[in-house]
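Read through the structure below, which is laid out as structure tokens, and then see the notes.
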Amino acid sequence: MTGDVMTEIPRRDPRREWIARNRLHPDHDRVLAELGQGSAAAIEWMGPHGVMRKNPHAAGFIGPNGLRRIDRSGLQQGGAPSAAARGRQESRRRVEIASPAFLIAVVPEMSGGRLSHHDRDLLGLARQLADADPERPGAVLAVFFGSYKGEGEGEPKERALGEAGIDRLLHLTSDEYDGFAPQARIAALAAAERELSPRHWLLPDSPLGGADLGRRLAVRLDERAATGVWQVEADETCMLGWRCTARGAAGSLDIQRPLPRVALVLAECAEPVSETLHAAEELALNIELPANLARIEDLGQVAVDPGSVSLGEAEFILSAGNGVSDWDGFHHAARCLRATEGASRVAVDNGFMPRDRQVGATGTWVTARVYVAVGISGAIQHLQGIQSCEKVVAINSDPGCDMVKRADLAVIADASEVLAALVDLVESRRSQANRGESRDAA
Amino acid sequence: MQPDSRPFEVAVLLSVGRHPLTGRARRADHDARGLELALGLSRNLDRLQVRVLHAGHHDADNDAALRGYLGMGLEALTLVEQPAGADVIPALADVLAMAPPQLVVTGSRAECGEGSGLVPYALAERLGWPLVNGVVEVESIDKGVATLLQALPRGQRRRLTVRLPAILSVDAAAPAARQSAFGPAQRGALDSLQEVAIIDEELTEWTFSPARRRPKRLKIIKATSARERFKAAAAKAEGGGGQVLSNVTPEQGAEAVYKLLEEEGVLR
Ligand SMILES: Cc1cc2nc3c(=O)[nH]c(=O)nc-3n(C[C@H](O)[C@H](O)[C@H](O)COP(=O)(O)OP(=O)(O)OC[C@H]3O[C@@H](n4cnc5c(N)ncnc54)[C@H](O)[C@@H]3O)c2cc1C
């Protein structure tokens, strides 16, 4: 009868609505069915005052004890929403800034090749600065160094970065930027400054590299950076229109000052972007690195005894719980994987692990990037301690336990067998790699 | 001139610290670690000369702090006279440029004042020297090249070489400073050096106040229905779409775990 386009405009038939409300009307069932557009009976329709009306008699199902049950989760609703409405729900509001009035440059630290929470907060702040004046919106430019390990390449990458609030992207992947290469990175950022001259440079004030790079950039651009910034407010009297509050004197002072061009920002300075989707359009920039950079040379990371790293700052933890019976095998696996050892409270209480290795509410809150839980059920006290872990792997024989629900990868098998297989695998790959190397050298 | 006849010269920049609880002046923690690192170079080098510099003024308040450094086994400390509120970077850069040492060691940030940690960077830029931050150990110095260990987050270390002269900055990861001995601290001399003072105008326009506690981040729940709000409030660890491998052999499981560890780059 009417096309989908027509149904978008609410057309009301008061008589039909009245019949739909009157259960005793002889035409009641027929009218309900018509309102329901195909399903047995209408559950929801637009009432005379523009309020959604629901028919509780048609909704729900008969439960096991003969009573009608209504599931209000929205899962069971009849009358499927129109395609346009569904589209609106799924995607965020798309924002394209074709000709930005200015740029806000952000250099996320991308630890592990992904946007960290700190990076997302920073991008949220950059959006605040860029979107302050709706008449003249600015664009957020992100400069990345090194490879991106997030949600794949191409479309998903663009989408993930767009969701974080990035309009323009400068992705620099050349080898010169790998490792500790402040001179090359600063040269690249200085080139971006020359070509694009962003209004602000925002960097995370974090020991993962942002703090160092940001200070180098500030002195190169001859700007007096604000460091440890944790609050930014609009203020007309300041030169660039913003005032910031920064921590000074080892965190014991708050300094209020106009926001300078370069700011090093603490985590949780702003809410991350959650409602809009930006273009994340890739820019190309011709960067000529000065040839003679080699005053600092990076000889690579040094093997550190993982046991000497404190649990709170370890990057990779292999953690044992009550499901571990072969303790020698577990210690051997930790050595072989070069992981720091952790434990659940039960493992500690039973005397298999020292107290300073306990993870959880009454132990250590860990920040590992990868946490492997072996035979740990995932009690809430334990899960609290691993809240900020990025990837959790569970090895457990019980598929229903909470750790498996939390885990990004769960292997349902006997812990000692999986660990033994893992050790074999790592050792065989290592010896292969060694053989390959010695062949190359020969 | 024979290269070995001149001692290896290290300059250490020291500031006056502030005890976090009592607020009393003390040796700044990072700077004292820097001095410890410089004094420790005598293990690698036969002839070492450590010169320590403090830009500021000497009064009853910071006497104990400055003497604290002297008590680590120094004969003298050079005081680059600067009034309060002066920008110390030009003065320090001048002093260092006049008699350039091979190595400058600084702390990573001061414990009073702006404490932005920009001083080593600004000096490096002015002098045109390379800067390495977060140094924990100088492994060797050979033919004008120093091999260093740099602290990375998560207790990791990285080995670097840097061509001298260079600036090294030291943070809390470096070895702790030795105790300060009272006798040498009293005997040590404070030599003062007059330098032109440039008042930091910008600083006078800022307002300083004791640090406020930062507001706790609220969990913002964007729920459209009562049920979603309830679920968000009573949230328990939920399956974040994780992959579950059941009915697999241990080898297959190990393979999957290995793949994830490799992707994350934690296997070394
Ligand atoms: C006030 C309070 C504070 C607490 N604080 C902490 C804390 O800080 N940290 C902490 O960890 N706990 C804490 N707990 C204890 C917590 O509640 C749990 O009891 C504890 O975490 C459980 O440890 P678990 O997972 O190792 O043991 P269990 O719950 O016994 O789980 C063992 C798991 O191993 C699996 N399993 C068994 N055999 C195998 C096998 N062969 N192969 C593979 N899997 C196997 C089982 O399926 C099970 O999931 C606290 C408790 C209280 C009351």
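Readers should treat all values here as calculations from the given coordinates under stated rules, not as data from a laboratory. From a predicted model like this one, the values you see are computed outputs, not experimental measurements. Neighbour counts run over all protein chains shown; Cβ positions are idealised from the backbone, glycine included.
Some observations on this one:
- Exposure proxy ranking, count of Cβ atoms within 10 Å, fewest first, for A:57, B:30, B:58: A:57, B:58, B:30
- Taking chain A as the region of interest, the number of lysine pairs whose Cα atoms are within less than 28 Å, with members eight or more places apart or on different chains, is 6.
- Of all DSSP bridge pairs formed entirely within the range B:8-205, close to 40 percent run antiparallel.
- Highest to lowest packing among A:215-224, B:15-24, B:197-206, scored as the average C-beta count within 10 Å: A:215-224, B:15-24, B:197-206
- Taken over the range B:8-205, the ratio of Cα radius of gyration to 2.2 N^0.38 Å equals 0.97.
- Once the Cα atoms are used to define both axes, helix B:88-98 deviates from the longest principal axis of chain B by about 60 degrees.
- Partner chain coverage, peptide B:168-175 - average Cβ within 10 angstrom: 1
- Each Lys and Arg adds +1 at its Cβ and each Asp and Glu adds -1 at its Cβ; summed about the Cα centre, the range A:379-442 shows a dipole of about 180 debye.
- Direction-averaged projected area, Cα convex hull, the range A:214-271: 4.2 nm², rounded to one decimal.
- Calculated mean residue ellipticity, 222 nm, chain A: -9000 deg cm²/dmol, from DSSP H runs (n ≥ 4) at -39500 (n - 2.57) each, averaged per residue and rounded to 500.
- Rounded to the nearest 20, the Cβ-based charge dipole of the protein assembly as shown about its Cα centre (Lys and Arg +1, Asp and Glu -1) stands at 2240 debye.
- Projected onto their three principal axes, the Cα atoms of the range A:289-438 cover extents of 57, 33, 28 Å, largest first.
- Radius 9 Å from Cβ of residue A:425, net charge of other residues (Lys, Arg +1; Asp, Glu -1): -3
- Relative contact order for the range A:309-430, counting Cα pairs under 8 Å that sit 6 or more residues apart, in percent: 26 percent
- Cβ-placed point charges (K, R +1; D, E -1), dipole of the range B:8-205 about Cα centre in debye, nearest 20: 1100 debye
- Most positive-pole-ward Cα, A:421, A:403, A:322, against dipole of the range A:309-430 from beta carbon charges: A:403
- Order of A:244, A:238, A:336 - criterion: other Cβ atoms within 10 Å of each residue's Cβ, fewest first: A:238, A:336, A:244
- Shielding of peptide A:202-209 by partners, expressed as the average count of other chain Cβ atoms within 10 Å per residue Cβ, is 2.
- Across the range A:219-347, Cα-Cα pairs farther apart than 22 Å form 69% of the total.
- Förster radius 25 Å - calculated FRET efficiency between residue A:238 and residue A:96 (Cβ-Cβ, nearest 0.05): 0.25
- Relative contact order, percent, chain A [alpha-carbon distance under 8 Å, six or more residues apart]: 11 percent
- The angle between the Cα long axis of helix A:117-130 and the main principal axis of chain A comes to about 70°, on a 0 to 90 degree scale.
- Environment charge of residue A:369, counting only residues whose C-beta is closer than 15 Å and scoring Lys/Arg +1, Asp/Glu -1: -3
- Considering only B:104, B:124, B:22, the residue lying farthest towards the positive end of the dipole of chain B is B:22, judged by Cα position with unit charges set on Cβ.
- Cα centroid of the range A:176-246 to Cα centroid of the range A:285-350, whole Å: 31 Å
- Least to most buried among A:332, A:278, A:118 (fewest other Cβ within 10 Å first): A:332, A:118, A:278
- In this entry, the protein assembly as shown is assigned a mean projected area of 42.5 nm², taken as a quarter of its C-alpha convex hull surface.
- Residue-averaged beta-carbon neighbours from other chains (10 angstrom radius) around B:125-134: 4
- Restricting attention to chain B, the count of lysine pairs at 8 or more positions apart or across chains with alpha carbons under 30 Å apart stands at 7.
- Around residue A:273: net Lys/Arg minus Asp/Glu count, Cβ-Cβ under 14 Å: 0
- Antiparallel content of DSSP bridges confined to chain A, in %, to 5: 30 percent
- What the Cβ-Cβ distance of residue B:142 and residue B:172 gives, at R0 = 35 Å and to the nearest 0.05, is a FRET efficiency of 0.80.
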